[in-house]
Every structure is written in C-alpha cells, then in structure tokens.
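As structure tokens, the structure follows; a few thoughts come after it.
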Amino acid sequence: EYMSSGTPVLMTPLPGMPTEYRQFVRLIDQPGPDGVTGGLERAAQEPPHELAALGSRARDFVVENKSSTAQGRRILEFAQDLL
C-alpha cells in the first residue's frame, strides 16, 4: 500500500518479502531504535528529488506488476496456457 502511494518507504526487511521489492524501498539495517535512527539519518541525507524518484518508481512497479489489473492479466495468461 505504501509503495502504491508513491511515498518513499523506509522499512525493516520482512520475512517472505520478495527480493524484487528491495530496489524500491530503503531498508533499516538492524532492529530496534538504533536501526530506525540510522535508517532515518541515511534517508535524510538523500536529496529530496531522489527520494521522490524512488517513490515514483515504487508506485510504477506496483501499478505495472502488482495491481489487480496486472494480477488479473497474469491469471488470464495462466488460464490461456492451460488450454
């Protein structure tokens, strides 16, 4: 949901998170307050236009690959391959 908003995302790596998502978010390197602080400090050092571009790329990725339309297309292609 956050990625689809176009807002840059700072997050911890989640179990089961596909590796393809990593290029569209900024990851917190270590758990706990120190990790969050470090992630925020690194993000604050990035130029605002780069963070905006990251958010835009994330939104485009979600729309093109993970939206209901994209998922429906994948299901249709799968069903057509079965026939």
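The values are calculated or read from the model by the stated rules, or taken from the named source; none is laboratory data. The shown structure was predicted, so the numbers you read here are calculated from the model rather than taken from an experiment. Neighbour counts run over all protein chains shown; Cβ positions are idealised from the backbone, glycine included. The area values use the complete protein model at the heavy-atom level, side chains included, leaving out ligands, DNA and RNA. Shrake-Rupley method; radii C 1.70, N 1.55, O 1.52, S 1.80 Å.
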Has segment 63-80 got any residue that is of a type in the set (A, V, I, L, M, F, W, C) and at pLDDT below 90? yes
Six or more apart or on different chains, Cβ atoms under 6 Å: show the pairs whose first residue is in segment 26-53 and within 23 Å of Gly6 (Cβ to Cβ) and touching a residue at least 12 places away in the same chain (Cβ under 8 Å) and whose second is open to solvent by 40 Å² or more (accessible area, probe 1.4 Å) and among the polar types (S, T, N, Q). Ile28/Thr12
Number of the condition not met by Gly38 [criteria: (1) over 13 Å from the mean Cα position of the chain (by Cα); (2) open to solvent by 80 Å² or more (accessible area, probe 1.4 Å)]: (2)
So which residues in segment 29-45 are in contact with a helix residue (DSSP H, G or I) (Cβ under 8 Å, 6 or more places away or on another chain) and either modelled with pLDDT of 95 or more or small (Gly, Ala, Ser) (or both), if there are any at all? Ala43
Condition check: open to solvent by less than 60 Å² (accessible area, probe 1.4 Å) and without any contact (Cβ under 8 Å) to a residue 60 or more places away in the chain. Does Leu14 satisfy that? no
For segment 62-82, pairs from a residue that is open to solvent by less than 90 Å² (accessible area, probe 1.4 Å) to a residue that is assigned to a helix (DSSP H, G or I), with Cβ under 6 Å and 6 or more apart or across chains, are Val62/Met3; Val62/Ser4
